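Data first, discussion second: the structure below is written as structure tokens.
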Amino acid sequence: MSTDSQHAILSIALMAAYADGHQADTERDTVRQLATSLGGSEGQALARVVQDVLLKRVSLLDAASSLEDAGQRQLAYEMAVCVCDADGRQSDAERVFLAELKAHLKLDPVVAAAFEREADAIVDAAEKAVPVALPAAVAAGPVVAASAASGADLDKSILNYALLNGALELLPQSWASMAIIPLQVKMVYAIGKAHGVELDQGHIREFIAAVGVGLTSQYLEQFGRKLLGGLLGKVAGRAIGGIGGAATGMAFSFATTYALGQVAKRYYAGGRVMSTALLQETFQNLLGPAKQMQTHYLPQIRQKAATLDAGQIMQMVRGR
């Protein structure tokens with residue numbers, strides 16, 4: 001894939017992130033900082049793309065028209081759908097954006113519809129795993145102290161979620177990364193429940209945002225690494241069997257998920273009194289050691305990636 005094609009696909013993904021017009025300032029700032037997290041030539045390339053999109057130096061039609069290969073056009077659409085689904089159900093503005101994008105890309109309607117069904121299935125599974133909304137009295141719930149035994153169990157569970165999300169990031173299919181945030185939501189839900197607190201998706205997503213983990217920007221960062229690193233095939237999401245074959249690189253989602261889980265454990269064990277500033281400081285302090293851990297666990301992450309299939313992923317997202 002040429003550099004121009006890579007940049008066009010990333011431009012479309014960034015435009016998808018801003019399609020609803022309601023991105024929080026923290027989310028927009030995180031998107032601008034993606035280049036720093038990538039570093040090197042990849043970071044410089046993404047920085048230029050981000051600047052071009054924010055300054056409106058490239059239009060949706062321009063980006064779509066520059067993709068001549070059918071597989072690349074399908075990949076661009078899949079990435080845009082994933083970004084729009086990052087924070088849950090698509091808004092009306094996002095649906096309008098995706099319809100316009102689909103028209104510009106002149107996609108095969110059968111292939112596009114197949115991916116839309118896969119994406120919708122993940123969103124549906126995520127909503128069934130963790131309620132979208134709970135009665136206020138239930139969501140508030142009593143706070144109870146976790147025992148030492150349950151604390152150890154939570155540590156093991158957090159590690160398992162981190163290993164799984166690291167493996168998902170290594171998969172070449174664009175839809176695989178869609179499962180990472182639902183699994184992070186599910187992890188936080190389980191941690192809250194272990195401390196006697198029932199949470200819905202709204203509360204959990206607010207907590208994740210307060211910690212400083214961007215929902216949309218996570219997808220963009222993962223896709224940016226995959227695309228610029230050459231890990232995405234010509235038509236992502238078509239080869240369901242043996243999806244771990246291209247697993248390589250570094251599983252950065254391991255560190256994010258592990259640090260998020262540990263912050264959540266401290267937050268709910270401590271009675272939910274940590275300020276936003278303290279949550280973000282704690283997360284950043286935990287992120288460094290978690291990145292060292294991800295290097296240690298990389299062989300296990302790669303092994304897990306090589307064994308995952310679509311059915312297993314859906315079951316893990318759906319199960320409670």
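Computed quantities for the displayed model
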quantity: Evaluation of V273 against (1) modelled with pLDDT of 95 or more; (2) more than 20 Å from the chain's Cα centre (by Cα); (3) among the aliphatic types (A, V, I, L, M) (one fails), failing number; calculated: (1)
quantity: Subset tally (residues that are closer than 19 Å to A167 by Cβ and of a type in the set (D, E)) for region 273-320; calculated: 1
quantity: Residue match in region 211-230 (condition: hydrophobic (A, V, I, L, M, F, W, C), farther than 27 Å from G311 by Cβ and modelled with pLDDT of 85 or more); calculated: yes
quantity: Hits in region 259-291 (condition: surrounded by 23 or more Cβ atoms within 10 Å (Cβ to Cβ) and of a type in the set (V, I, T)); calculated: V263
quantity: Positions within region 244-258 being buried (at least 24 other Cβ atoms within 10 Å of the Cβ) and either at pLDDT below 50 or among the β-branched types (V, I, T) (or both), in sequence order; calculated: T256, T257
quantity: Candidate set: region 100-136, residues that are farther than 20 Å from M178 by Cα and of a type in the set (G, A, S); chosen: the one modelled with the lowest pLDDT; calculated: A136
quantity: Of all residues making up region 51-79, the number that are at pLDDT below 90 and among the polar types (S, T, N, Q); calculated: 3
quantity: Top-ranked residue in region 16-31 [being modelled with pLDDT of 70 or more and buried (at least 20 other Cβ atoms within 10 Å of the Cβ); ranked as nearest to the chain's Cα centre (by Cα)]; calculated: A17
quantity: Subset tally (residues that are under 14 Å from L199 (Cα atoms) and free of Cβ contacts under 8 Å to residues at least 60 places away in the same chain) for region 257-278; calculated: 0
quantity: Looking only at region 80-99, and only at residues there that are modelled with pLDDT of 80 or more and in contact with a Ser or Thr (Cβ under 7 Å, 6 or more places away or on another chain), the one that is nearest to M178 (Cα to Cα); calculated: C82
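The values are calculated or read from the model by the stated rules, or taken from the named source; none is laboratory data. Quick caveat: nothing in here was measured; it's all calculated off a predicted structure. Cβ atoms come from the backbone with ideal geometry, glycine included; neighbour counts cover every protein chain shown.
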